[in-house]
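First comes the structure, then the notes that go with it.
The values are calculated or read from the model by the stated rules, or taken from the named source; none is laboratory data. All values reported here derive from a predicted model rather than from experimental measurement. FYI the Cβ positions are ideal-geometry reconstructions off the backbone, even for glycines, and counts take in every protein chain you see.
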Amino acid sequence: MQNEDVKIQFLAQIDGEVLMLHKLMIITIAGCALASLLAVLAGLVLAERALKPNKAAWDKQTQFVSDASHEIRTPLASIRFMDSKRDTLSSAINSFISQASIFPLY
């Protein structure tokens, strides 16, 4: 018996440790999911807060461009209308002048 290896084995029931590790795994997964959800929500809130001044500036710029476009279109419409009526107005003015010259001025 001198050259033989001696092995001693201990047996213990580890069901409690396995159950504890299983619970720890579930808690860790749920905690990571909750932390990820909170991080996404915090990111959305912070992004909305950071972009609020840009949105306000964009709205003001859009309103300005709309107003400027309207202000430019109004005189152009008048000019186009007067240009389209130029020949009619010229003939009416010439007719008026010719009729006025019939009457002598005293």
(message) Looking at the structure I just gave you, is Lys55 of a type in the set (Lys, Arg) and exposed (fewer than 10 other Cβ atoms within 10 Å of the Cβ)?
(response) no
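Which residues, taken from segment 1-55, are among the polar types (S, T, N, Q) and in a helix (DSSP H, G or I)?
In the first step, residues of segment 1-55 are kept if they are among the polar types (S, T, N, Q); the result is 2-3, 9, 13, 28, 36, 54.
Thr28, Ser36, Asn54 - these are the residues of segment 1-55 that are among the polar types (S, T, N, Q) and in a helix (DSSP H, G or I).
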(message) Testing Phe103 on (1) part of a helix (DSSP H, G or I); (2) at pLDDT below 80; (3) among the hydrophobic types (A, V, I, L, M, F, W, C), one condition comes back false. Which one is that?
(response) (1)
